[in-house]
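**Q** Please see the structure below; I have some questions.
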Amino acid sequence: MQQQRTGLTIGQLARRCGVGVETIRFYEREGLLEQPRRPGHGYRRYPESDIERVLFLQRAKGLGFSLKEITELLALREKKSADCASIRERAASKVAMIKARIASLEALREELELLVAACDGRGPLQDCRILRALSSGDPTPTHPKDSP
């Protein structure tokens with residue numbers, strides 16, 4: 001009598017979710033996805049519900065949530081007493097972190113723009129305004145010939 005095979009192999013799960021097999025294995029190692037038992041002489045089979053879980057993991061990762069934060073979201077998702085406010089709070093916190101990161105990146109961009117504007121791209125390397133600024137910490141260095 002042949003054993004009924006239900007569920008998905010790791011390759012099938014990975015393909016259905018648009019990820020690699022190593023991603024599935026990584027999620028298993030991190031405890032984000034349960035590794036199914038291996039039947040006697042067969043391949044492990046993943047339940048169809050794991051498609052939704054892997055897609056959830058991928059979407060959360062794509063939105064910038066860390067593995068730790070994703071683990072917390074999953075725990076809240078499975079906790080019967082949790083409510084939408086708990087999830088909203090975490091999402092709002094992520095938005096605030098992203099806004100802070102954007103502000104930091106904009107400040108870096110502005111500083112780099114000053115460095116680029118201060119350099120005409122000509123002359124010997126020892127007179128490079130960008131290298132001087134990086135060495136001195138001054139974002140708007142003057143050219144040695146511009147100094148009194």
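**Q** Please verify whether region 48-55 includes one or more residues that are of a type in the set (A, V, I, L, M), modelled with pLDDT of 95 or more, outside any loop (DSSP other than H, G, I, E, B) and farther than 20 Å from Gln12 by Cβ.
**A** no
**Q** Only one of Glu106, Glu111 is in contact with a Pro (Cβ under 8 Å, 6 or more places away or on another chain) and in a helix (DSSP H, G or I). Can you tell me which?
**A** Glu111
**Q** Of the conditions (1) surrounded by 14 or more Cβ atoms within 10 Å (Cβ to Cβ); (2) touching a Leu at 6+ places or on another chain (Cβ under 8 Å), Leu8 satisfies every one except a single condition; which number is it?
**A** Only one criterion is unmet by Leu8, namely (2).
**Q** Next question, about the same structure. Scan region 71-87 and report the pairs whose first residue is closer than 18 Å to Glu28 by Cα and whose second residue is of a type in the set (Phe, Trp, Tyr) and buried (at least 16 other Cβ atoms within 10 Å of the Cβ), with Cβ atoms within less than 7 Å and a gap of 6+ or a chain change.
**A** Leu73/Phe65
**Q** Okay, moving on. Residues being touching a helix residue (DSSP H, G or I) at 6+ places or on another chain (Cβ under 9 Å) and acidic (Asp, Glu): count how many of those fall in region 49-80.
**A** 3
**Q** Checking the condition farther than 30 Å from Val95 by Cβ, without any contact (Cβ under 8 Å) to a residue 40 or more places away in the chain and surrounded by fewer than 16 Cβ atoms within 10 Å (Cβ to Cβ), which residue from Arg29, Arg15 passes?
**A** Unique residue meeting the criteria: Arg15.
**Q** Here's a follow-up. If Phe56 satisfies every condition in (1) out of contact with any Pro (no Cβ under 9 Å at 6 or more places or on another chain); (2) closer than 23 Å to Ala75 by Cβ; (3) surrounded by fewer than 15 Cβ atoms within 10 Å (Cβ to Cβ) but one, which is the exception?
**A** (3)
**Q** In region 67-110, what count of residues is obtained for those that are under 30 Å from Asp127 (Cα atoms) and at pLDDT below 90?
**A** 0
**Q** Quick check: is even one residue across region 32-41 surrounded by 11 or more Cβ atoms within 10 Å (Cβ to Cβ) and outside any loop (DSSP other than H, G, I, E, B)?
**A** Looking for residues that are surrounded by 11 or more Cβ atoms within 10 Å (Cβ to Cβ) and outside any loop (DSSP other than H, G, I, E, B), one finds none in region 32-41, hence no.
**Q** Which residue pairs have Cβ atoms under 7 Å apart, sit 6 or more places apart or on different chains, and have a first residue in region 108-129 that is touching a residue at least 12 places away in the same chain (Cβ under 8 Å) and a second that is surrounded by 10 or more Cβ atoms within 10 Å (Cβ to Cβ) and basic (Lys, Arg)?
**A** Pairs found: Ala118/Arg129.
The values are calculated or read from the model by the stated rules, or taken from the named source; none is laboratory data. Bear in mind that the values here come from a model prediction, so they are computed numbers and not experimental data. Neighbour counts run over all protein chains shown; Cβ positions are idealised from the backbone, glycine included.
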